[in-house]
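Below is one structure; the comments refer to it alone.
The values are calculated or read from the model by the stated rules, or taken from the named source; none is laboratory data. Just so it is clear, the model here is predicted, and its values are computed rather than measured. Cβ sites come from the backbone with ideal geometry, for glycine too, and all protein chains shown count toward neighbours.
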Protein chains: 2
Amino acid sequence: MKIEAFTVDDLPLISEGDDLVGMILDRVEFEDFDILVIASTVISKTMGKVREIADITPSAEAMRIASKLDEDPRFVEAVLDECEEVLIEAPFMLVRREDGHICVSSGIDRSNIEAGKLLILPQDPSKTAAEIRSRIFDEAGRKVTVIITDTNGRAFRVGQTGVAIGASGMSPCKNWIGLSDLFGNVLTITNEAIIDEIAGFANLMMGEGGDGTPAVIIRGLEIFEDVEAFDEVIRDESEDVILDALRRL
Amino acid sequence: MKIEAFTVDDLPLISEGDDLVGMILDRVEFEDFDILVIASTVISKTMGKVREIADITPSAEAMRIASKLDEDPRFVEAVLDECEEVLIEAPFMLVRREDGHICVSSGIDRSNIEAGKLLILPQDPSKTAAEIRSRIFDEAGRKVTVIITDTNGRAFRVGQTGVAIGASGMSPCKNWIGLSDLFGNVLTITNEAIIDEIAGFANLMMGEGGDGTPAVIIRGLEIFEDVEAFDEVIRDESEDVILDALRRL
């Protein structure tokens, strides 16, 4: 197997209302089964998912948590506004969003935006991914997979990695169950979260600093399926042992 | 940025004592700064890290846990032999290995090996990675990064992904702290675990089934550093909030 991956270069800084997909279409000659990976930050920007810190009035709950974190209570208020449940309050806020996504600080970003503003995650990234996929098919005639990413910390290991927060045009997991391994043993347990393996690698290619590029194309994997199935990668809360442990804290 | 990645094709089935690195050198024209990613399964095989299930006598502790899991107590005994601490006993065994790596079932594999045998993780994968890196430099004159992977589950999300369990020739995390973002804000928190973003993508390329290929080359990232620094990606247990929550269960 041989694949290639490249960043979509020379995109301008993205602002509210910008036609990001048009800009990508202008710069990429899509092929069938390409995977287009886009950072949620630029999706949020085109949608104007931005809050002014100065406009936020913190609640008593936000002030209580902020004092544990030595954090701006207005930032904590924004985190609370965006989540359904706080699993850990300190030394960082680990929260569960309405769609089941568990992340630090509700995925709110203070970098990649002007000082004094907060960038909020898009409301329904899989819907946005489906719209982008449909438009690329309409305008370029190509069947592509679209993945929208965020960076997130993880248990037990240092550092953040890119994960998918929405997608269209693929099954998020490749289920090897029932297939045979090299020795003819039937595989009974492996369910590989290929969506996050792709999201992570694309995140690495995007970069975070001043030379960041928010869109990446991966070509040659051929994982395309004409499905909307992103939610399969979010573990059902009733089956989550670690979530359960955190709720008992 | 443009990168390419390819599997090392036509490797034979690997057995104890095989010269895996020689086989890879025969098949790949290395370039400077290539990243060679190898599945721990084949490293374990060359080292003979295999146990016969029939030879294992389960302890009372193994029998107790096995009854909760509806699992072969000899398998559980092998898991206990390979770990320092059991964090979760059921519905799956989440354990902490001596080197700090937290994983399911001590990383023991029952697939990718003959029935009746267990494949055990290599003892010091970073040492093995360093030896491989050194040999490639000696024989091909190329500076490469070597990463050894395993597949592992993760908190909150469905499915397994590839993670690094050892490496040589890179810093596992890219630290953006102190750099500026697109708006000139100084980044204060981002520390990206690029090693696992690479490991995951390579794992996807390797596959798990009968057409699995255990070695992948990634070309174009240029993350090479002449360092042995893998341990930086394992979170210090005193700083791990989720580990702490599991210990209180």
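The condition of being among the hydrophobic types (A, V, I, L, M, F, W, C), in the same structural domain as residue B:202 (by TED's automatic domain parsing) and touching a Gly at 6+ places or on another chain (Cβ under 7 Å) holds for only one of B:42, B:144, B:37, B:104, that being B:144. Would you check which residues across the range B:103-113 are at negative phi and in a loop (DSSP other than H, G, I, E, B) and list them? Correct list: B:108, B:110, B:111, B:113. Selection of the range B:214-249 for residues being part of a loop (DSSP other than H, G, I, E, B), at the interface with chain A (Cβ under 7 Å from one of its Cβ atoms) and crowded, with 16+ Cβ neighbours inside 10 Å yields B:235, B:240. Being buried (at least 21 other Cβ atoms within 10 Å of the Cβ) and not in a helix (DSSP H, G or I): is that true of residue B:13 here? For residue B:13, the condition - buried (at least 21 other Cβ atoms within 10 Å of the Cβ) and not in a helix (DSSP H, G or I) - is not met.
Of (1) modelled with pLDDT of 95 or more; (2) assigned by TED's automatic domain parsing to the domain that holds residue B:164, residue B:11 satisfies all except one. Which? Status for residue B:11: all satisfied but (1).
Against the condition under 30 Å from residue A:109 (Cα atoms), in a strand (DSSP E or B) and either outside the structural domain of residue B:83 (by TED's automatic domain parsing) or touching a helix residue (DSSP H, G or I) at 6+ places or on another chain (Cβ under 8 Å) (or both), how does residue B:200 come out, does it pass? No; evaluated as a whole, the condition is false for this residue.
Checking A:90, A:155 one by one, the residue that is in contact (Cβ under 8 Å) with a residue 60 or more places away in the chain, within 12 Å of another protein chain (Cβ to nearest Cβ) and in contact with a helix residue (DSSP H, G or I) (Cβ under 6 Å, 6 or more places away or on another chain) is A:155 and no other. For the range B:116-148, taking the residues that are under 16 Å from residue B:228 (Cα atoms) and within 14 Å of chain A (Cβ to nearest Cβ), the one that is surrounded by the fewest Cβ atoms within 10 Å (Cβ to Cβ) is identified as B:145.
Are any residues in the range B:20-64 of a type in the set (A, V, I, L, M) and closer than 22 Å to residue B:116 by Cα, and if so, which ones? Within the range B:20-64, B:39, B:42, B:43, B:47, B:50, B:53, B:54, B:56, B:60, B:62, B:63 qualify.
Of the set (1) aliphatic (A, V, I, L, M); (2) over 30 Å from residue B:223 (Cα atoms); (3) under 19 Å from the mean Cα position of the chain (by Cα); (4) away from chain A (no Cβ under 13 Å), all apply to residue B:56 but (3). When residue B:82 is tested against the conditions (1) on the phi < 0 side of the Ramachandran plot; (2) modelled with pLDDT under 95, the lone failure is (2).
Looking at (1) within 29 Å of residue A:233 (Cβ to Cβ); (2) in a loop (DSSP other than H, G, I, E, B); (3) at pLDDT 95 or above, which one does residue A:36 not meet, given that it meets all the others? The number of the failed condition is (2). Residues that are without any contact (Cβ under 8 Å) to a residue 24 or more places away in the chain and more than 20 Å from the chain's Cα centre (by Cα) within the range A:222-249 comprise A:238, A:239, A:240, A:241, A:244, A:245, A:248, listed in sequence order.
Out of the residues in the range B:39-66 meeting the condition of being touching a residue at least 60 places away in the same chain (Cβ under 8 Å) and in a helix (DSSP H, G or I), tell me which one is surrounded by the fewest Cβ atoms within 10 Å (Cβ to Cβ). Among them, the one singled out is B:54. Summed over the range B:83-104, the residues that are within 15 Å of the chain's Cα centre (by Cα) and of a type in the set (D, E, K, R) give a count of 4.
Looking only at the range A:84-104, decide whether some residue is of a type in the set (Phe, Trp, Tyr) and under 20 Å from residue A:230 (Cα atoms). The answer is no; no qualifying residue exists. On inspection, residue A:74 does not qualify as out of contact with any Asp or Glu (no Cβ under 6 Å at 6 or more places or on another chain), assigned to a helix (DSSP H, G or I) and closer than 28 Å to residue A:237 by Cβ.
The condition (being buried (at least 19 other Cβ atoms within 10 Å of the Cβ), within 14 Å of chain A (Cβ to nearest Cβ) and among the charged types (D, E, K, R)) is satisfied by just one residue among B:97, B:74, B:110, B:27: B:110.
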